[in-house]
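Accompanying notes for the structure given below.
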Amino acid sequence: MLDLIIKGGRVIEPANGRDEIADIGFEGGRVAAVGSGMPLRAQEVLDASGLLVVPGLIDLHTHVYWGGTSLGVDAAAVARRSGTTTFVDAGSAGPGNFHGFRRHVIEPSPLRILPFLNVSFPGIFAFAATVMVGEAADLRLIDPRECVRVINANRDLIVGVKVRVGRGAGGASGVAPLDIAIEVADEVGLPVMAHLDHPPPSRFEVLSRLRRGDVITHCFRPFPNAPVRADGRIREEVMEARRRGVVFDIGHGGGSFGFRTAEHMLEAGFLPDVISSDVHALSIDGPAFDQLVTMSKFLALGVELGAIIRASTAAPAAALGREDLGQLTVGAVADATILEIVEGEFDFRDVLGEIRRGRQALALRGLVVGGHRWPAPQ
């Protein structure tokens, strides 16, 4: 007998080109069966008729070191409204406090949390409405040997090296923190995720350094350091980075997604590889809110539903090198998100306060984590 069957939903699984009405069976924490009219028995059956069933959503840019950092939010609380089953923490913790993140947040979490280690020793330690100090502004806080030591001691969890550069996060340190982060990443064989805010450094300086598989987050940010010129032409260094295999991630957050930038990029046929929320204490109540709201903004921008699902499932799984995630095929991790496309009039806001109105939004209707309905029914 299976643990759970989701019956009759529209299964959209871009990793394997599936878009059809089907049943999904789960057993022992894995997908056990996929097909139509499944005759198998299960301890629990969820009727998903009229709903979308997609692989468990992966948010590639979050900050969920709740209680250990000022920007952290509670992953479980966010999951209940966003449908996220895998939270990728984008460098909240550094070598100096990663052990606390692991012991007190990651290990007890009912959701999967996969962290990038911040190249700066204290991680993002001063990020609040009243206090804002960039962790990369003082190069004395960046010790590559400490980064390598902590990564090697936590190979089962850490998925890459996070660095934040720009005037806000790095002060006058320019591109130096990125150079150190890449050296660490080379040493341990992992990707870098690079944040870029206001110059210096320039987008050219950052993108020209990134390697195949590295992630540039905040990729649709507004001016300055936008990926497009004022006339809508995509900058050559952006095109060259994509040709080289750099991963372009939205990382919406509180200051890093602009509708006009997005419209120019989409008109030029440049879709993001990954859609992520950058949910944290200063963006959770807007303008980002969570993964589903960020995905809904791309619906409003006219992006095809399958592409949005891919950018929130298969694409981030590929960026993480986790082929067991982001799929609903036999043997994959038994995570699924059940959604509904709700019709209406919805006003979506970017980080500059600009509004676009959409006629559809994605709403959460159920969550399966590890092959069981979550939260468990009372």
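The values are calculated or read from the model by the stated rules, or taken from the named source; none is laboratory data. If you're wondering where the values come from, they're calculated on a predicted model, not measured in any experiment. Cβ placement follows ideal geometry from the backbone for every residue including glycine, while neighbour counts extend to all protein chains displayed.
From the list 365, 349, 373, which one is over 26 Å from residue 44 (Cβ atoms) and either touching a helix residue (DSSP H, G or I) at 6+ places or on another chain (Cβ under 8 Å) or touching a residue at least 24 places away in the same chain (Cβ under 8 Å) (or both)?
349
Just to verify a result, which residue in region 259-288, among those that are among the small types (Gly, Ala, Ser) and surrounded by 22 or more Cβ atoms within 10 Å (Cβ to Cβ), is farthest from residue 226 (Cα to Cα)?
283
Go through region 46-64 and give me each residue that's closer than 19 Å to residue 194 by Cα and not in a strand (DSSP E or B).
Within region 46-64, 63, 64 qualify.
Any residue at all in region 13-24 that is without any contact (Cβ under 8 Å) to a residue 24 or more places away in the chain, assigned to a loop (DSSP other than H, G, I, E, B) and either more than 21 Å from residue 163 (Cα to Cα) or not basic (Lys, Arg) (or both)?
Yes: one or more hits.
If you go through region 159-175 one residue at a time, how many are buried (at least 23 other Cβ atoms within 10 Å of the Cβ) and not in a helix (DSSP H, G or I)?
7
Looking at region 84-105, which of the residues that are in contact with a helix residue (DSSP H, G or I) (Cβ under 6 Å, 6 or more places away or on another chain) and part of a loop (DSSP other than H, G, I, E, B) is nearest to residue 58 (Cα to Cα)?
Filtering first and then ranking leaves 93.
Could you pull out the residue among 55, 95 that is at pLDDT 95 or above, buried (at least 19 other Cβ atoms within 10 Å of the Cβ) and touching a Cys at 6+ places or on another chain (Cβ under 7 Å)?
After applying the criteria, what remains is 95.
Just wondering, is there one or more residues in region 232-249 that are surrounded by fewer than 21 Cβ atoms within 10 Å (Cβ to Cβ), within 20 Å of residue 166 (Cβ to Cβ) and either modelled with pLDDT under 95 or basic (Lys, Arg) (or both)?
yes
Within region 140-152, does at least one residue satisfy the condition of being touching a residue at least 12 places away in the same chain (Cβ under 8 Å), assigned to a loop (DSSP other than H, G, I, E, B), of a type outside the set (Phe, Trp, Tyr) and surrounded by 18 or more Cβ atoms within 10 Å (Cβ to Cβ)?
Within region 140-152 (the criterion being touching a residue at least 12 places away in the same chain (Cβ under 8 Å), assigned to a loop (DSSP other than H, G, I, E, B), of a type outside the set (Phe, Trp, Tyr) and surrounded by 18 or more Cβ atoms within 10 Å (Cβ to Cβ)), the answer is yes, since at least one residue qualifies.
Checking residue 305 against (1) more than 19 Å from residue 82 (Cα to Cα); (2) in contact with a helix residue (DSSP H, G or I) (Cβ under 8 Å, 6 or more places away or on another chain); (3) at pLDDT 95 or above; (4) not hydroxyl-bearing (Ser, Thr, Tyr), only one condition comes out false. Which one?
Going through (1) more than 19 Å from residue 82 (Cα to Cα); (2) in contact with a helix residue (DSSP H, G or I) (Cβ under 8 Å, 6 or more places away or on another chain); (3) at pLDDT 95 or above; (4) not hydroxyl-bearing (Ser, Thr, Tyr) one by one, residue 305 breaks only (1).
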